[in-house]
Amino acid sequence: MADSVRHYYPIIAGDILNLSYEIENTGEEPLIIREIQPSCGCIVPKLTSRMVMPGKSKRLLFKYESAKNIGFVEHVIRIHCNVKPTGIIKLVFDTNVVPHADYTRDYEELYKEAVERNAMIRGLVDGDETEKGYYVDSPSHDSREQNPYPWREEE
């Protein structure tokens, strides 16, 4: 993919950067996108179809929400598909997110504005309350099941 590594001009914190990548299928079989993994929840893919026919091209669109970043940022978008040799296309971009010159808004203000624009942001930042976000090896490693004083004999 041409121009898969990009350096964007600075943007103001809270602004949205729209990214557009052209992907062309030069193979003889349909290109099938299995998964898109952005390095940050602030990157939202806008995917209409997951297939590119041979000899055709498709535009991949992404929206980068800069509300939770300040300073230099570099992000990677991994596209898992049936490409040779690794099965992964890496898109890398960077930019500088600068605070507004008149007033430096804090993270909570930027987050509130982003949530008002897009309700999905709340789930990406705060997480789903039904998911722990981690796992343990086995229930035997649960500290609630352990003897708090293993050196004491049971009475």
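The values are calculated or read from the model by the stated rules, or taken from the named source; none is laboratory data. Small disclaimer: the values here were computed from a predicted structure and weren't measured. For neighbour counting, all protein chains shown are included, and Cβ atoms are generated from backbone atoms with ideal geometry for every residue, glycine included.
Computed values, structure above
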{"item": "Filter result (assigned to a strand (DSSP E or B) and surrounded by 13 or more Cβ atoms within 10 Å (Cβ to Cβ)) within segment 8-18", "result": "ILE11, ILE16, LEU17"}
{"item": "Selected residue (criterion: nearest to the chain's Cα centre (by Cα)) from residues of segment 88-113 that are part of a helix (DSSP H, G or I) and in contact (Cβ under 8 Å) with a residue 12 or more places away in the chain", "result": "TYR111"}
{"item": "All positions within segment 81-102 that are surrounded by 15 or more Cβ atoms within 10 Å (Cβ to Cβ) and under 14 Å from ASN25 (Cα atoms)", "result": "CYS81, VAL83, ILE89"}
{"item": "Residue satisfying all of: in segment 114-137; exposed (fewer than 15 other Cβ atoms within 10 Å of the Cβ) and at pLDDT 75 or above; nearest to the chain's Cα centre (by Cα) among these", "result": "ARG117"}
{"item": "Meets criteria (in contact (Cβ under 8 Å) with a residue 60 or more places away in the chain and either farther than 30 Å from VAL97 by Cβ or not in a loop (DSSP other than H, G, I, E, B) (or both)) for TYR21", "result": "yes"}
{"item": "Test: residue in segment 43-51 that is of a type in the set (Ser, Thr, Tyr) and over 20 Å from VAL92 (Cα atoms)", "result": "yes"}
{"item": "Residues of segment 27-61 satisfying the condition of being exposed (fewer than 12 other Cβ atoms within 10 Å of the Cβ) and among the β-branched types (Val, Ile, Thr)", "result": "THR48"}
{"item": "Subset of segment 70-87 [touching a residue at least 40 places away in the same chain (Cβ under 8 Å) and hydrophobic (A, V, I, L, M, F, W, C)]", "result": "ILE70, ILE77, ILE79, CYS81, VAL83"}
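Okay, residues lined up against (1) of a type in the set (Phe, Trp, Tyr); (2) in contact with a strand residue (DSSP E or B) (Cβ under 7 Å, 6 or more places away or on another chain); (3) not in a loop (DSSP other than H, G, I, E, B):
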{"position": "ARG6", "(1), (2), (3)": "no, yes, yes"}
{"position": "ILE33", "(1), (2), (3)": "no, yes, yes"}
{"position": "THR48", "(1), (2), (3)": "no, no, no"}
{"position": "LYS58", "(1), (2), (3)": "no, yes, yes"}
{"position": "ALA67", "(1), (2), (3)": "no, no, yes"}
{"position": "HIS75", "(1), (2), (3)": "no, yes, yes"}
{"position": "HIS80", "(1), (2), (3)": "no, yes, yes"}
{"position": "THR86", "(1), (2), (3)": "no, no, no"}
